[in-house]
Amino acid sequence: MSDRPQKTEEDHLAEARAALLSAALPQVAFDGWSTACFSAAVADSGVEGALARLACPRGALDLAIYYHRRGDSNMLARMDSEGFASLRYSEKVAALVRFRLEAAEDVEAVRRGVTLFAMPSHAAEGTALIWETSNLIWKALGDTSADLNWYTKRAILSAVYSATLLFWLGDDSDGHQATWEFLDRRIGNVMQFERTKGSVTNTLIFKGFMRGPGKVLERIRAPEGRGRADLPGHLTQKS
């Protein structure tokens, strides 16, 4: 009797998604993340139609989401690379954004994904995915904020990531060097903002605001558990 653990339903679904994605990527450049692309992926992958629909109920949309999240996983895997631990904090943020872009593998698949998630019907999904990526970066760097800072950090990094992604898509410089220089400038802007924010919070005007109308900001908390990065947070009760 084999001691090999039995595959779960989720194992089979994960294998089906991986097979479908491998078959879909050569088609995406021509058909985008579309019904035609998904149908071709099912035919070329050998995955049974019923299993394909279980793995990706919304077809190509779910496959595009899986592709994005696989990139997130590949980004985090590179944190163990030699030299990462010795980087300064701001350099680690920039490195993870770079790792995430380099994990994309297929520029045209990303370009078609940007088009897909720019559609009004899928814009919320696209925004949530970028927020999810930003949340993973901050969590990987040990962020423990649970108040308004939890939101501002992720909102700012989401903007940096989005801007860098669009620059990267149009960058034809050797080794995307222009993109990494653009990214370094954006991270530099963020660090300057953090220093400015720190000095502002120590002013009498800001402290007066926080004792008055700004008091509600102190009650803002991150989503419960913070593993569910797509959920809104909450306000604590007045003490």
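When the Karplus curve 6.51 cos²θ - 1.76 cosθ + 1.60 is applied with θ = phi - 60°, which whole-Hz ³J(HN,Hα) does each residue of the range 91-108 get, with x for Gly and Pro?
Result, ordered by residue: 5, 5, 4, 4, 5, 5, 4, 5, 4, 5, 5, 5, 6, 5, 6, 10, 4, 5 Hz.
What value in Å³ per residue do you get for the convex hull of the alpha-carbon atoms in the range 44-99? Walk me through the numbers before you get to the answer.
On the way: hull volume 6.1 nm³, N = 56.
Output value, Cα hull per residue: 109 Å³.
So what are the ³J(HN,Hα) numbers for the range 32-45, from phi and the Karplus equation (6.51, -1.76, 1.60; θ = phi - 60°), rounded to whole Hz, Gly and Pro as x?
The phi angles translate into x, 7, 10, 4, 4, 5, 5, 4, 5, 5, 4, 5, 7, 7 Hz.
Peptides 172-185, 9-22, 132-145: what's the order by average Cβ count within 10 Å, highest mean first? Write out the running numbers ahead of the final one.
On the way: 172-185: 13.9, 9-22: 15.5, 132-145: 17.4.
Listed from highest to lowest mean packing, they are 132-145, 9-22, 172-185.
Cα centroid distance between the range 92-117 and the range 1-46, in Å?
The range 92-117 and the range 1-46 have Cα centres separated by 21 Å.
Please work out whether the range 79-176 counts as rounded, prolate or oblate from its C-alpha gyration tensor, where a ≥ b ≥ c are the square roots of the eigenvalues and a/c under 1.5 means rounded, while otherwise a/b larger than b/c means prolate and anything else oblate?
Numbers: a/c = 2.28, a/b = 1.17, b/c = 1.95.
Oblate, because a/c is 1.5 or more while a/b does not exceed b/c.
Bear in mind these aren't lab numbers, they're just calculated from the coordinates by the rules spelled out. Here the structure is a predicted model, which is why all the values come from computation and not from measurement. When we count neighbours, we look across all protein chains shown, and the Cβ atoms used for this are built from the backbone with ideal geometry, even at glycine.
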